[in-house]
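Input: a single structure, listed below in structure tokens.
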């Protein structure tokens, strides 16, 4: 399948939400990661989509600013690929693109909740034991990638959102697009 990765645009909101619903199901908004993302904007320059040659949105990934127990970090997610495009390498391409962009922009650590066997190939390993997510989460799925070995040294506590808040007006405008 041929596709292109680009920065997410405000007009992508409806297609992105529809893709997430199809790929992740109706319970996706109950995840602990969603608590951190709710009401926030993704980190500047770190929201990406994959489009088919026809222009259809077939993949998405975003990164969010968080306080990781006193250390600045990013929370990655959700990463999603349209069901009809699974197994084509789009998810891996989005991951690599997001990781490279985060490192290029000077970020030092990325955290996520996901399947370790999938994310280990990108360099993720178990997050520091002293860190946790808000609400229930599976410890073995809480992973970290650091660009500097000391990036999460001393990090302890529950992840907190630190990114810019989204205004109701801008949310309504994005949904109207």
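The values are calculated or read from the model by the stated rules, or taken from the named source; none is laboratory data. Remember, it's a predicted structure, so these values are computed and weren't measured experimentally. We place every Cβ from the backbone using ideal geometry, glycine too, and count neighbours over all the protein chains shown.
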With the checklist (1) in contact with a helix residue (DSSP H, G or I) (Cβ under 7 Å, 6 or more places away or on another chain); (2) closer than 20 Å to residue 23 by Cβ; (3) surrounded by fewer than 20 Cβ atoms within 10 Å (Cβ to Cβ); (4) at pLDDT below 95 in hand, flag the one item residue 78 doesn't pass.
(3)
Read through the list (1) in contact (Cβ under 8 Å) with a residue 24 or more places away in the chain; (2) more than 15 Å from the chain's Cα centre (by Cα), then give the number of the only condition that residue 26 fails.
(1)
Give all pairs with beta carbons closer than 6 Å in which a residue from segment 119-130 that is surrounded by fewer than 16 Cβ atoms within 10 Å (Cβ to Cβ) meets a residue that is in a loop (DSSP other than H, G, I, E, B); count only pairs at least 6 apart in sequence or on separate chains.
130/156
Are any residues in segment 82-111 in contact with a helix residue (DSSP H, G or I) (Cβ under 8 Å, 6 or more places away or on another chain) and touching a residue at least 60 places away in the same chain (Cβ under 8 Å), and if so, which ones?
82, 83
Out of (1) in contact with a strand residue (DSSP E or B) (Cβ under 8 Å, 6 or more places away or on another chain); (2) within 28 Å of residue 17 (Cβ to Cβ); (3) assigned to a helix (DSSP H, G or I), the one residue 118 does not meet is (1)
Picked from segment 142-165 (must be surrounded by fewer than 20 Cβ atoms within 10 Å (Cβ to Cβ) and in contact with a helix residue (DSSP H, G or I) (Cβ under 7 Å, 6 or more places away or on another chain)), the residue nearest to residue 76 (Cα to Cα) is 161
Residue check: is residue 73 crowded, with 21+ Cβ neighbours inside 10 Å, out of contact with any helix residue (DSSP H, G or I) (no Cβ under 9 Å at 6 or more places or on another chain) and either part of a strand (DSSP E or B) or at pLDDT below 95 (or both)?
yes
When you check residue 58 against the structure, is it surrounded by 17 or more Cβ atoms within 10 Å (Cβ to Cβ), farther than 21 Å from residue 166 by Cβ, in contact (Cβ under 8 Å) with a residue 12 or more places away in the chain and in contact with a helix residue (DSSP H, G or I) (Cβ under 6 Å, 6 or more places away or on another chain), yes or no?
yes
With the first residue restricted to segment 145-157 and required to be assigned to a loop (DSSP other than H, G, I, E, B), and the second required to be buried (at least 18 other Cβ atoms within 10 Å of the Cβ) and modelled with pLDDT under 95, Cβ contacts under 6 Å at 6 or more apart or on different chains are 155/69; 156/69
